[in-house]
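Notes for the one structure printed next.
The values are calculated or read from the model by the stated rules, or taken from the named source; none is laboratory data. Keep in mind that this is a model prediction, so the values were computed, not measured. Don't worry about glycine lacking a Cβ; one is built from the backbone with ideal geometry, like all the others, and counts go over all protein chains shown.
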Amino acid sequence: MRTKSGMWLLSVAVMLGLSGLAGCGGDKGGEYRTFDKGKDTAHDAEHGHAHSHDHGHGQGPHDGDLIELGEEEFHVEVVIDEEKYKMTLYLLGADAKTAVAVEAKEIVLELPGKDAAVTHALAAGPADADGKATRFEITSEELIETFHKDPKTVGKFKISIGGKDFEGEIKHDHGDHDHKHEEKK
């Protein structure tokens, strides 16, 4: 009797173990790629996770926040100098490091207003030999303060790169750094 119940328990344990293993080899829930130490520098790359974003993409080469354009086709790095009330947008390639030049003379940033949208034009920075620019800037106390008044503020812009139109959104996360704002009287 003891042997039959022992065998039954062993059989159940083996069956449960095998059914658990059968579930491990199925769909991985995304892209799967192997780790390549020479190419994969992301903090989670060694674990073989598929590359996905909620964008918060991290920091760019100028220590700004990155915004994805398209399906990782291009990126925009947003750098805000709060003391000078300056916002700079850098156009970057798929690697989020290489500068990308465009013919645009400005990027228009649209923010929600009380009655209608408010627009701010970021002028093209110094052009290269072909007359193209890789960065766009604006100095505007009003613009920077708009992001501070309401942390849910979202600025929207459009840019054409290589004949293809892209849209992006700028959100200024106050949790990334310390602010010492003085109330204006």
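May I ask you to list the residues in the stretch 124-149 that are among the hydrophobic types (A, V, I, L, M, F, W, C) and farther than 15 Å from Glu77 by Cα?
Scanning the stretch 124-149 gives Ala127, Ala129, Leu143, Ile144, Phe147.
So which residues in the stretch 69-107 are assigned to a strand (DSSP E or B), over 16 Å from the mean Cα position of the chain (by Cα), among the acidic types (Asp, Glu) and farther than 17 Å from Lys132 by Cα, if there are any at all?
Asp81
If you take the residues of the stretch 144-185 that are modelled with pLDDT of 55 or more and among the basic types (Lys, Arg), which of them is nearest to Glu83 (Cα to Cα)?
Among them, the one singled out is Lys149.
Among the numbered criteria (1) surrounded by 15 or more Cβ atoms within 10 Å (Cβ to Cβ); (2) part of a loop (DSSP other than H, G, I, E, B), which single criterion is violated by Gly131?
Evaluating Gly131 over (1) surrounded by 15 or more Cβ atoms within 10 Å (Cβ to Cβ); (2) part of a loop (DSSP other than H, G, I, E, B) leaves (1) as the failure.
Quick check: anything in the stretch 28-43 at pLDDT 50 or above, surrounded by 12 or more Cβ atoms within 10 Å (Cβ to Cβ) and out of contact with any Gly (no Cβ under 9 Å at 6 or more places or on another chain)?
Within the stretch 28-43, none of the residues are at pLDDT 50 or above, surrounded by 12 or more Cβ atoms within 10 Å (Cβ to Cβ) and out of contact with any Gly (no Cβ under 9 Å at 6 or more places or on another chain).
Which residues, taken from the stretch 102-126, are of a type in the set (A, V, I, L, M) and surrounded by fewer than 17 Cβ atoms within 10 Å (Cβ to Cβ)?
Hits for the stretch 102-126 are Val108, Ala116, Ala117, Val118, Ala121, Ala123.
Can you report the number of residues in the stretch 134-161 which are without any contact (Cβ under 8 Å) to a residue 40 or more places away in the chain and either under 16 Å from the mean Cα position of the chain (by Cα) or within 14 Å of Ala101 (Cα to Cα) (or both)?
0
So which residues in the stretch 128-151 are hydrophobic (A, V, I, L, M, F, W, C) and in contact with a Ser or Thr (Cβ under 9 Å, 6 or more places away or on another chain)?
The answer is Phe136, Ile138, Phe147.
Which one is modelled with the lowest pLDDT, of the residues in the stretch 110-133 that are more than 22 Å from the chain's Cα centre (by Cα) and among the charged types (D, E, K, R)?
Looking at residues that are more than 22 Å from the chain's Cα centre (by Cα) and among the charged types (D, E, K, R), I get Asp128.
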